[in-house]
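Colleague: Pasting in a structure now, in structure tokens, and then I'll have a few things to ask.
The values are calculated or read from the model by the stated rules, or taken from the named source; none is laboratory data. Just so you know, these numbers come straight off a predicted model, no measurement behind them. Neighbour counts are summed over all protein chains in view; Cβ atoms, including those assigned to glycine, are modelled from backbone coordinates with ideal geometry. For the accessible areas, the whole protein counts, side chains as well, though only heavy atoms, and no ligand, DNA or RNA atoms are used. Shrake-Rupley method; radii C 1.70, N 1.55, O 1.52, S 1.80 Å.
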Amino acid sequence: MNIAEIAESKAVERDTFYHAYKANLAFSIELFLKCIEATSTERTILRVGDAQITRLFSGSNIRGHELDKIFGKLEQDRRKILSEKFESHPCNVTCSTLENILAELSDAFVKDRYAFEIGGITSSDPDTLLWTARFFKDALKP
């Protein structure tokens, strides 16, 4: 997400890294969604006698890259809160529902990541990706 923001602020031409730009935005949305349900577990990484060093490891049980399916695996209350926030949020530039946007962008990461294999043509809108990623960044601020 930060790479896209920097490129935009520096007025770097998207054409030179168009698919990487879109793939990274889609991936950032995926990670935002997955971190909502992520859990942390403490694991011992070194033990000497009675002394031990532990570390927290985080992970998500949600797999895959399809944004609408990932969103559908979140708890219903969380989906409802995010959907309501998105409805009136300034980042909702399409005036659509969050569910519709995520369905529209669902396969953007995979398609843009492997765009060279399909002739470089993908349908995901870079502006919708950018504003949706901005929404999640804003929505997940503590």
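Colleague: Return the residues of the range 53-72 that are free of Cβ contacts under 8 Å to residues at least 24 places away in the same chain, open to solvent by 90 Å² or more (accessible area, probe 1.4 Å) and polar (S, T, N, Q); say none if nothing qualifies.
Modeller: Scanning the range 53-72 gives a single hit, Ser58.
Colleague: What is the residue count in the range 23-51 for residues that are free of Cβ contacts under 8 Å to residues at least 24 places away in the same chain, surrounded by 12 or more Cβ atoms within 10 Å (Cβ to Cβ) and not in a helix (DSSP H, G or I)?
Modeller: Of all residues in the range 23-51, those free of Cβ contacts under 8 Å to residues at least 24 places away in the same chain come to 24, 31, 38-51.
If we keep only those that are surrounded by 12 or more Cβ atoms within 10 Å (Cβ to Cβ) as well, we get 24, 31, 38.
Filter again for not in a helix (DSSP H, G or I), leaving 38.
Qualifying residue count, the range 23-51: 1.
Colleague: Report, by residue number, each residue of the range 52-78 that is outside any strand (DSSP E or B) and among the aliphatic types (A, V, I, L, M). Explain how you work it out, then say what you get.
Modeller: Of the residues in the range 52-78, the ones outside any strand (DSSP E or B) are 60-78.
If the condition is that a residue be outside any strand (DSSP E or B) and among the aliphatic types (A, V, I, L, M), then Ile62, Leu67, Ile70, Leu74 are the ones that fit.
Colleague: Related question: Could you count how many residues in the range 87-109 are assigned to a helix (DSSP H, G or I) and open to solvent by 60 Å² or more (accessible area, probe 1.4 Å)?
Modeller: In the first step, residues of the range 87-109 are kept if they are assigned to a helix (DSSP H, G or I); the result is 87, 98-104, 108-109.
Remaining after also requiring open to solvent by 60 Å² or more (accessible area, probe 1.4 Å): 87, 99-100, 104.
Within the range 87-109, residues that are assigned to a helix (DSSP H, G or I) and open to solvent by 60 Å² or more (accessible area, probe 1.4 Å) number 4.
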